[in-house]
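Have a look at the structure below, then the notes.
The values are calculated or read from the model by the stated rules, or taken from the named source; none is laboratory data. Values in this document were obtained by computation on a predicted structure and should not be read as measured data. Ideal geometry is used to build each Cβ from the backbone, glycine not excepted, and the neighbour counts take in all protein chains shown.
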Amino acid sequence: MGDRHLKSHEDRDTLGFLAVDINATASLAAGVARNADDAIARRLIAEAAQQVPAAIAAVLLRNLAKIYHKAGRGDLHDDAKHEAIAALVAESWNSGQAWVDNEMCGRQVLDLTASVTSDDEVRRTLESALRGDAQLVGPMLLGCASWIETRDIDDWSTTGLKRNYEELPDWFPTTNVVAQIEVQYPDVAPADEWQADRIPDELHRLASQVLHLAQSLPERATHG
């Protein structure tokens, strides 16, 4: 039997994640809070802002902002949105623990951060993190990857989940990451998505995909 890859981009959930995905959980939690009075709603927003890691706080607050916007409760929407932005920009990404905490949804969180700041600001933050600690390149490769779901081509049952780079986000610090790959993983060669599937080590597989994608980017995109 063959496998088929299903890509997950931005807010489009992979089927296998629906039961545990933080978007689904946050949406349910926000739905419960929809009809709370203002005092309780503000307490829920404050409590959501204290959640860690940043991924949980930001996604929960984002869903609260959406639910209050739909309910026509503008002040609560603004409060939740403000706290979501604060949670996103507060994450420094300059420690290994930050990457471990946000590993499963780093791509999503950084996409959200770029949407409320800018691609350039996120890129500069990640570049600074790598300059401070070059060993972060491994956790960064893991955390910035998308997830794909492999499914049986005959019955569409899930056969696996894995990280993947089909494209490099505009906020991705390509030049710095490529430089560290060349230093820390000198035996890794560029490989497209299908060639990389034959590389057993996950970090090496992701690094090979990044090298391959970097080759096709305009020079201004890789060098800033």
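Tabulated data for the structure shown
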read-out	value
Residues satisfying the stated conditions in the stretch 71-125, i.e. among the basic types (Lys, Arg) and over 27 Å from GLY138 (Cα atoms)	ARG73, LYS81
Within the stretch 179-201, considering residues that are in contact (Cβ under 8 Å) with a residue 40 or more places away in the chain and either polar (S, T, N, Q) or crowded, with 18+ Cβ neighbours inside 10 Å (or both), the one farthest from LEU211 (Cα to Cα)	GLN184
Near pairs, Cβ below 7 angstrom, 6+ apart or cross-chain, from the stretch 75-95 (under 13 Å from LEU60 (Cα atoms)) to any residue that is assigned to a helix (DSSP H, G or I) and of a type in the set (S, T, N, Q)	LEU88/THR113
Condition broken by LEU217, with the remaining ones in (1) aliphatic (A, V, I, L, M); (2) touching a strand residue (DSSP E or B) at 6+ places or on another chain (Cβ under 8 Å); (3) closer than 27 Å to ARG131 by Cα satisfied	(2)
Test: residue in the stretch 207-224 that is touching a Ser or Thr at 6+ places or on another chain (Cβ under 7 Å) and at pLDDT 95 or above	yes
